[in-house]
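Below: one structure, written as structure tokens.
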Amino acid sequence: MKREELYREIGLMDEDLIEAAGSSGAEKRKKGFSKKWVALVACLVLYSSTASALLATEYYKNQNAEPYIRYLRAEDMELLPAPKYDGMKFLQALKSDNEEHVYVAINRLVEGFNDPSLRAKALNKLQPFAGNENPKIADAAAFAIDILSQSYRSPYIVKLADGSMLFTLFNHYSDYGSQNVLWRIKDNKLEEYSSFSAPSMYITEMIPSPDKRLVAVVTCSNKSEFVQIINVEAGRTSPELIESARVKYGAEQEIDTWIRPDYENYSDASNIVWKDNDTLEFEGSLAYQDTEIIENVSVTYQFSSKVMEVTKLN
Amino acid sequence: MEDQGIVRLYLQRSQQAIVETKKKYGAYCRVIARNILSSLSDIDECENDTYLAAWNAIPPTMPGKLSVFLGRITRNIALDKHSYNTAKKRNRQFDAILTELEGCIASPDTVEGEYEAGETASLINEFLYGIEEQARNIFIRRYWYSDSIEELAMRFQMSSSKVKSILFRTRNKLRAHLAKGGVHL
């Protein structure tokens with residue numbers, strides 16, 4: 001099929017879709033600033049000037065003391081203590097009229113797993129939400145109940161060879177995926193195993209190896225996808241595979257390859273499968289030169305030997 | 001005038017049908033033509049050919065949604081003119097759109113099989129109904145209405161990069177969907 005023919009075929013699509021797209025979005029961006037932005041900026045200016053005055057006072061007070069900071073933690077940077085998990089707050093939030101608050105509270109209550117009394121209270125309060133007419137809330141409640149009751153039947157849970165379990169919370173809260181934090185239950189204790197940072201804003205998939213010793217974790221932003229293999233028991237993680245494939249293939253094919261400062265790769269992976277207990281295989285669409293060049297390739301990666309092969313797809 | 005009224009004029013073979021069509025949809029057809037063609041005379045010609053084609057089509061064709069019916073005619077006429085024009089005369093923005101669509105075709109150089117007109121369209125419909133609304137609207141505005149990236153960024157109030165990446169991902173998904181549907185592109 002030629003591209004012009006595909007363009008014509010697209011022309012035959014459903015009239016309702018065409019009409020809906022015709023009136024979608026805003027025709028033009030409104031010019032000028034809206035009042036709410038002016039008010040927000042004014043509040044920020046007031047807040048920052050007050051904060052500066054307070055900080056300056058503190059500084060002069062402690063001028064004579066010699067500060068020594070060994071490591072800058074997030075709470076140090078905010079001049080505030082780290083917020084502690086407050087399960088009671090989330091139990092209270094279940095009564096809210098705001099469905100978003102309820103949804104967040106349901107998911108956050110899972111973090112109270114290690115406190116038996118909170119776990120029992122949460123299980124009791126969550127039961128009615130499993131039948132909620134909002135499917136997102138119902139799914140979240142069903143999952144939270146499954147974890148807190150230690151049933152572990154949900155397909156969202158990855159069960160590993162060492163007996164531990166991996167899962168995410170806020171499952172599929174976005175079209176792009178789930179929250180970018182991995183939780184693990186080992187020996188009946190819950191811990192935050194790891195979290196991803198931008199641009200890996202969402203976890204889309206977790207694929208365990210056949211022997212359940214490794215797990216491939218697929219994350220994404222709204223522009224790019226990323227794949228890593230984790231040996232949870234040994235605490236080892238592979239390099240990110242899509243960018244690695246992009247760089248390797250780019251070098252082999254002498255394509256001008258750059259890594260963006262925001263680490264977006266504009267590339268993606270599909271048909272991700274384990275060939276054996278140690279080798280992951282996927283089809284990659286690798287983008288180069290601001291997506292002017294797209295290379296469709298097959299990628300295989302052996303975790304133990306760290307060997308990667310990238311070949312052009314026919 | 002309402003669309004029903006305009007269609008009635010066509011059925012009555014009244015010249016007023018063309019006048020009313022031009023009044024209500026003239027600008028709309030010109031925008032579609034302008035997104036595909038570069039020369040003003042071609043755009044004018046395309047608009048007038050649209051009215052003639054509509055006059056010849058109605059009856060027996062009874063358009064469901066008149067705007068879409070006219071837009072389709074304009075689109076096809078403009079595409080024919082674009083193909084006929086030499087490379088120098090072609091609209092480069094539209095060439096970029098066609099080049100993007102090549103990404104949905106697995107291999108433009110393979111021997112082409114037979115396909116029935118509309119066969120792929122039903123798979124495209126199925127695909128579009130299955131994706132998220134914003135991505136769907138952006139896709140249709142780009143490949144049906146032939147909006148530029150800048151126009152899409154303004155319409156949907158996002159950056160050009162985000163528009164490009166949404167289109168890129170959607171095209172990849174479409175390619176996979178068409179391949180699954182057994183359409184040999």
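Tabulated results
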| read-out | value |
| --- | --- |
| A:TYR176 versus A:SER298: modelled label distance in nm, points set 7 Å from Cα along the beta carbon direction | 3.1 |
| Label-point gap, in nm, between A:ASN188 and A:VAL38 - each point 7 angstrom along Cα→Cβ | 6.3 |
| Residues in region B:35-74 that, when all protein chains are in place, have 40 Å² or more less accessible area than the chain alone would give (probe 1.4 Å) | B:LYS65, B:VAL68, B:ARG72 |
| For the pair B and A, total buried accessible area rounded to nearest 100 Å², probe 1.4 Å | 4600 |
| Gyration tensor (alpha-carbon) shape descriptor, chain A, a/c threshold 1.5 | rounded |
| Percent carbon-and-sulfur accessible area, the protein assembly as shown, ignoring ligands, DNA and RNA, probe 1.4 Å | 52 |
| Degrees, to the nearest 10: B:92-102 long Cα axis against longest axis of chain B | 50 |
| Computed E for A:ARG236/A:SER23 - FRET, C-beta separation, R0 45 angstrom, nearest 0.05 | 0.30 |
| Accessible area in square angstrom per residue, region B:3-89, 1.4 angstrom probe | 50 |
| Loop-exposed GluC sites (Glu not before Pro) per DSSP, neighbour cap 13 Cβ within 10 angstrom, longest uninterrupted part of chain B | B:3-111 |
| Cleavage-rule hits, GluC sites (Glu not before Pro), region A:216-246, DSSP coil, Cβ neighbours within 10 Å at most 10 | none |
| Of A:LEU148, A:GLN302, A:ASN124, farthest towards positive along the dipole that unit charges on Lys, Arg, Asp, Glu beta carbons give chain A | A:ASN124 |
| Å² per residue, accessible surface of region B:92-180 at 1.4 Å | 47 |
| Cα gyration tensor shape for region B:3-89, rounded if a/c is under 1.5, else prolate or oblate | prolate |
| Efficiency of FRET between A:SER149 and A:VAL273 - r from beta-carbon atoms, R0 35 angstrom, step 0.05 | 0.60 |
| Stretch gain in nm, segment B:GLU150-B:MET62, where the contour uses 0.36 nm per residue and the Cα spacing is subtracted | 28.1 nm |
| Helix-only [θ]222 nm of chain A, DSSP H runs n ≥ 4, -39500 (n - 2.57) each, per residue, nearest 500 | -10000 deg cm²/dmol |
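The values are calculated or read from the model by the stated rules, or taken from the named source; none is laboratory data. Only a predicted model underlies this, so the values are computations on that prediction, with no experimental measurement involved. Neighbour counts run over all protein chains shown; Cβ positions are idealised from the backbone, glycine included. Heavy atoms of the whole protein, side chains included, go into the accessibility calculation; ligands, DNA and RNA do not. Shrake-Rupley method; radii C 1.70, N 1.55, O 1.52, S 1.80 Å.
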